[in-house]
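Notes follow once the structure below has been shown.
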Amino acid sequence: MGPKRIRNYGAEIINIVLRHLGQDPQKADIGDLAKVPQKRTNGATYFQTKEMAEQGMSAEAIAKARGLAESTIFSHLTYWVEQGSFPASRFVSSEKMAEIRDYFESTGDPKITTARDVLGDDYQYFEIRMVLAEMKREGYFKEP
């Protein structure tokens, strides 16, 4: 259950469970469920990553500063590449970008796993995703 449901229904659910267990809900101390913190929205965390990248921080530095996995940060950055806020070249070397673009252009197949199998272990999934995101933004691949 998320914070909103806990605030709205938590006490009622706990009371039902306590009654089922034969306990008096009036004597139970369940705390103030109205104080359950609001859930952070994805938008806020994506924007925080974007702001840090705009300040010149690397994905590794952002992940460390925010206490998040690098894969999470790369996911945020890939979103911003697709939105046009950053070029993929900011995060992927020009050599790898050329190879990845060549693969997608020659196959017309936007499947990331297949691309990784063909390109090899030297290519990280985030690099392939970023280049694909940029190509989608450019209209190369249309979403169904």
Exercise. What is the gain in length, in nm to one decimal, between Leu68 and Asp24 on full extension, counting 0.36 nm per residue of separation less the C-alpha to C-alpha distance?
Worked result: 11.6 nm
Seminar exercise, completed: Computed over the Cα atoms of region 42-137, the Rg and Dmax in Å are 13.3, 39
For this session: Apply the membrane-span-like helix rule to the chain: whole DSSP H runs, Cα extent along the own long axis of at least 27 Å, mean Kyte-Doolittle hydropathy at least 0.0. List the helices found.
Result: none
Seminar exercise, completed: The FRET efficiency for Asp122 and Ala44, from their Cβ-Cβ distance with R0 = 35 Å and rounded to 0.05, is 0.50
Exercise. When only Cα pairs under 8 Å and 6 or more residues apart are kept, what is the percent relative contact order across region 42-137?
Worked result: 29 percent
Problem set entry | Efficiency of FRET from Cβ geometry, Glu51 and Ser93, R₀ 22 Å, rounded to 0.05 | 0.35
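FYI, it's all coordinate maths here, none of it is from the lab. Computed from a predicted structure; not experimentally measured. We place every Cβ from the backbone using ideal geometry, glycine too, and count neighbours over all the protein chains shown.
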